[in-house]
1. Could you tell me whether any residue of region 172-187 is free of Cβ contacts under 8 Å to residues at least 60 places away in the same chain, of a type in the set (D, E, K, R) and surrounded by 13 or more Cβ atoms within 10 Å (Cβ to Cβ)?
2. So in region 47-89, with the set limited to residues that are charged (D, E, K, R) and closer than 18 Å to residue 15 by Cβ, which one is most open to solvent (accessible area, probe 1.4 Å)?
3. Name the residue, out of 193, 150, 202, that is β-branched (Val, Ile, Thr) and under 21 Å from residue 103 (Cα atoms).
4. Exactly one condition in (1) outside any strand (DSSP E or B); (2) surrounded by 12 or more Cβ atoms within 10 Å (Cβ to Cβ) is not met by residue 149; state its number.
5. Out of 216, 251, 206, report the one residue that is within 21 Å of residue 58 (Cα to Cα), open to solvent by less than 50 Å² (accessible area, probe 1.4 Å) and without any contact (Cβ under 8 Å) to a residue 12 or more places away in the chain.
6. Restricting region 98-109 to residues that are under 22 Å from residue 82 (Cβ atoms) and under 16 Å from the mean Cα position of the chain (by Cα), which is surrounded by the fewest Cβ atoms within 10 Å (Cβ to Cβ)?
7. Please go through region 91-110 and pick out each residue that is farther than 30 Å from residue 5 by Cα, in contact with a helix residue (DSSP H, G or I) (Cβ under 9 Å, 6 or more places away or on another chain) and either small (Gly, Ala, Ser) or part of a loop (DSSP other than H, G, I, E, B) (or both).
Amino acid sequence: SFWAPSAPKYTFSEPTPLFYENAPWADTTRYERLQTLASLAKYHLPYIEKPLIPPIVVTSARAVMTKSVSRREWLKACQLIRVRERYTITELITNWLRIGYERVDTVLEPGQFSHRGGLLDLWVPGEKSPTRLDFFGDELDGIRRFDPGTQRTIDKEECVLIIPAREFFIPAGDDEIKYCEFHIPLIHKYPSTILDFLPKNTIILVDDYRALEATVAEVEEQAVKYRDECLRDRLFEIDHPVPYLTWEEIVDGLQSRSTLEL
């Protein structure tokens with residue numbers, strides 16, 4: 001904040017559960033990570049205007065190690081909704097459920113949506129307020145930002161970018177309740193990490209390469225021990241995919257970018 005007061009700043013958090021632990025991520029962790037991915041995705045979406053001031057992302061070794069949905073699948077799941085264009089409400093809802101949105105009666109938090117007649121309320125992760133889509137038949141008649149507490153309109157928009165609300169997508173026909181971030185490497189055959197989302201001209205600042213390597217090695221050692229315990233308890237099969245990057249894979253990702261050791 002001192003050196004770059006005008007730059008957008010994001011924290012790309014590390015997951016709360018251990019690697020191989022079958023547990024969902026904390027809401028704060030999830031939303032901070034989604035905000036970061038949404039800001040970086042703008043550099044890869046051809047129909048989105050690139051930010052005038054590049055964001056600064058602060059993250060940790062374990063967060064960089066964590067595998068997520070592939071960048072290609074993430075970008076394909078993004079959708080720009082425009083006023084005066086036609087959409088099928090049931091198709092929108094089906095897709096939102098697939099990419100992690102929760103259906104509720106009243107939208108109060110990011111990642112939720114509701115449906116009442118020709119109105120669709122949706123709170124896209126990373127946005128400060130929810131959005132109301134007003135349909136006349138299949139035509140989108142208006143887009144409004146509104147205050148979730150008072151329901152009053154804050155502003156009108158011509159378009160809204162819908163991004164995923166989770167870092168995994170529900171397989172077609174499956175029950176969303178049985179999935180959490182533990183299943184990312186199981187659902188997505190070619191997962192990505194934050195390194196894959198970075199724009200080409202990104203500069204990566206590393207506090208201390210030796211400390212980074214030591215931390216990655218420590219986290220991986222802990223993960224291997226926990227994996228052995230899970231296999232003994234038959235919590236998953238022996239061919240369960242690795243949910244993190246190794247040090248060698250991280251080095252490959254860093255070497256393809258401009259890096260500066262502090």
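The values are calculated or read from the model by the stated rules, or taken from the named source; none is laboratory data. Being a predicted model, the structure only gives us computed values, none of them experimental. Reconstructed Cβ throughout: ideal geometry from the backbone, glycine too, with neighbour counts over all protein chains shown. Each accessible area value is taken on the protein alone, full model and side chains, heavy atoms only, with ligands, DNA and RNA left out. Shrake-Rupley method; radii C 1.70, N 1.55, O 1.52, S 1.80 Å.
1. Looking through region 172-187, none of the residues is free of Cβ contacts under 8 Å to residues at least 60 places away in the same chain, of a type in the set (D, E, K, R) and surrounded by 13 or more Cβ atoms within 10 Å (Cβ to Cβ).
2. If we take residues in region 47-89 being charged (D, E, K, R) and closer than 18 Å to residue 15 by Cβ, then 67 is most open to solvent (accessible area, probe 1.4 Å).
3. Checking each option against the conditions leaves just 150.
4. Result: residue 149 fails condition (2) only.
5. Working: 216 fails: without any contact (Cβ under 8 Å) to a residue 12 or more places away in the chain; 206 fails: without any contact (Cβ under 8 Å) to a residue 12 or more places away in the chain.
251 is the lone residue from the list that is within 21 Å of residue 58 (Cα to Cα), open to solvent by less than 50 Å² (accessible area, probe 1.4 Å) and without any contact (Cβ under 8 Å) to a residue 12 or more places away in the chain.
6. Once the filter is applied, the top-ranked residue is 98.
7. 99, 100, 101
The rows are residues; the columns are (1) within 25 Å of residue 30 (Cβ to Cβ); (2) loosely packed, with under 12 Cβ neighbours inside 10 Å; (3) at pLDDT 95 or above.
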| residue | (1), (2), (3) |
| --- | --- |
| 92 | yes, no, yes |
| 117 | no, yes, no |
| 120 | yes, no, yes |
| 124 | yes, no, yes |
| 132 | yes, no, yes |
| 135 | no, no, yes |
